Amino acid sequence: MCEEDVFRKAPMGFYVHIPFCNRLCFSCPYIKHQTDKSVTQRYVDALKKEMSNYAARPYVQEHQLTVGYIGGGTPTALSTDQLVDLLTHMKAVFDMKPGLEISTESTPLDISEQKASALLAHGVNRISLGVQTFIDQELEDLGRAGNAAMIIDAIKMLQRIGVPRINIDLMHGLNGQTMESWHQSLQTAVDLGVSSVSFYTYMEFAQISTKRRKLPPVPPREMVDEMFIYAAEFLTRNGYEGYFGDCFALPGQRPAYGSVTWTEEMPIIPMGPTATGHLKDYWYFNEPSIELYIDAINEGRLPIAMGKQITADEALRRAVMLGIKSSRLDRKRFVELHGVDFAQLFPAEIADLEAKGLVRLTDEAMEVVGPKGWYYMDNISKAFYSQEYRRYPQHLGANISPFIIKAA
């Protein structure tokens, strides 16, 4: 052991939420607001104060930021100057590992070459684009501006300026979508050589879409399930490796955020409204309302809305559950982190999952068996919930502000 070992800072991640979109989508369940310049600058100023508040904490100062994610909303709904301001401030107040992976979400409409170049110059090295489909009619029915040619041009622009990793999100189960059109979108993604592809089942929220024209029906449930299996097998045949169930990356291109933060139980600083994180033994998320969030920050408080201390038993269960969600849980590393082999903790649960062909346990790791296991990823992870938490439904980002009791 040397001096560096004694005083080496522990790794830490961060999540920053940007709750603005230039165009609201029918299918997004997350809390977001139409971009309003009178609000965005106040929000950026508050977010910088929240960063400074965390950075001043002794616990945070014992860590180094090694991975981060900027999500939304659409982070690139902010101006180039605002994005640069946030990234510059973050680097000034936090200890950030050189070359750490920073991902940001965007859309083909919101990512100009100027903005992308500025992000790249200030440390963002992974951009995730909400593409949804490469079929013009499906884009129109989805209420998305632009067309497939514009999307392809945006991806090629990111590749040309040197963005190291480009992820695209696709959707299956869209109005009027067929197996043939689904294949065409997947084939286009493969032909473009993007580093990773994520695909999600389409959901529509009626309060946004009531004024839309009559659309063709969505595919039947059986076809939507078939689309999932087809995509998993197609991407695997084309050299992509599965993780998180519905995410696939080329070898060596799997994102660190999620993969590392989940399997390593890395602490995460949550910044921005609705941002979720966990520090020390606490899991919590922030105030959903932008105005209440800004008020809390300007009063010098962290905008924590709700949370819970994690017991030792729940921490172990959580580590196994998140490891499953990242497709592979290393046994040796788990023992190093937690002092016990998860296979000895949950023999009945693992045996049941193996019997169903959903996981494979070896001397080295427990792995989810695809494509069947990828499809049932959430159900597999829930096998490790305690009885207390199995009865709670999972939320979809609903606005809980009216239900939060404020301290006097």
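Tabulated results
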read-out: Assigned charges on the beta-carbon of Lys, Arg, Asp, Glu; the stretch 38-145 dipole about Cα centre (debye); value: 540
read-out: Cβ charges +1 (Lys, Arg) and -1 (Asp, Glu), total dipole of the stretch 330-387, debye; value: 160
read-out: Average Cα contact separation per residue, the chain, under 8 Å, 6 or more apart, as relative contact order %; value: 15
read-out: Charge tally in the Cβ shell below 15 Å around Glu180, where Lys, Arg are +1 and Asp, Glu are -1, Glu180 excluded; value: -3
read-out: Expected-Rg normalisation [2.2 N^0.38 Å, Cα atoms] applied to the chain; value: 0.99
read-out: Inter-site label distance for Glu180 and Gln114 at 7 Å from Cα along Cβ, in nm; value: 4.3
read-out: Span from the the stretch 66-118 Cα centroid across to the the stretch 219-261 one, whole angstrom; value: 25
read-out: Kyte-Doolittle at least 0.5, axis length at least 15 Å by Cα - qualifying DSSP helices, the chain; value: 148-161
read-out: Most fluctuating residue given options Leu47, Leu65, Leu302, as computed from a GNM of the chain linking Cα atoms under 10 Å; value: Leu302
read-out: Net charge of neighbours whose Cβ lies under 9 Å from the Cβ of Gln61, counting Lys and Arg as +1 and Asp and Glu as -1; value: 0
read-out: Label-point separation, Arg8 to Asn22 (7 Å along Cα→Cβ), nm; value: 4.4
read-out: Violating pairs (Cα-Cα greater than 23 angstrom) within the set Lys37/Lys91; Lys49/Lys97; Lys91/Lys115; value: Lys37/Lys91
read-out: Counted charge near Asn167, where neighbours are those whose Cβ lies closer than 13 Å (Asp, Glu -1; Lys, Arg +1); value: -1
read-out: Relative contact order (%) - criterion: Cα under 8 Å, at least six apart; region: the stretch 289-389; value: 28
read-out: Label point distance in nm, Val39-Ala145, each placed 7 Å from Cα along Cα→Cβ; value: 1.8
read-out: Eligible lysines near Lys382 by straight Cα distance, threshold 29 Å, same-chain separation 8 or greater; value: Lys32, Lys280, Lys308, Lys325, Lys332, Lys356, Lys372
read-out: Assigned charges on the beta-carbon of Lys, Arg, Asp, Glu; the stretch 9-261 dipole about Cα centre (debye); value: 720
read-out: Surface/4 estimate of mean projected area, convex hull on alpha-carbon atoms of the stretch 330-387, nm²; value: 4.1
read-out: The chain: calculated mean residue ellipticity at 222 nm from DSSP helix runs of at least 4, using -39500 (n - 2.57); value: -12000 deg cm²/dmol
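All of the numbers you see were taken from the coordinates with simple rules; none came from a lab. Every value quoted in this text rests on a predicted model; they were computed, and no experiment measured them. Note that we place each Cβ from the backbone using ideal geometry, even for glycine, and neighbour counts take in every protein chain shown.
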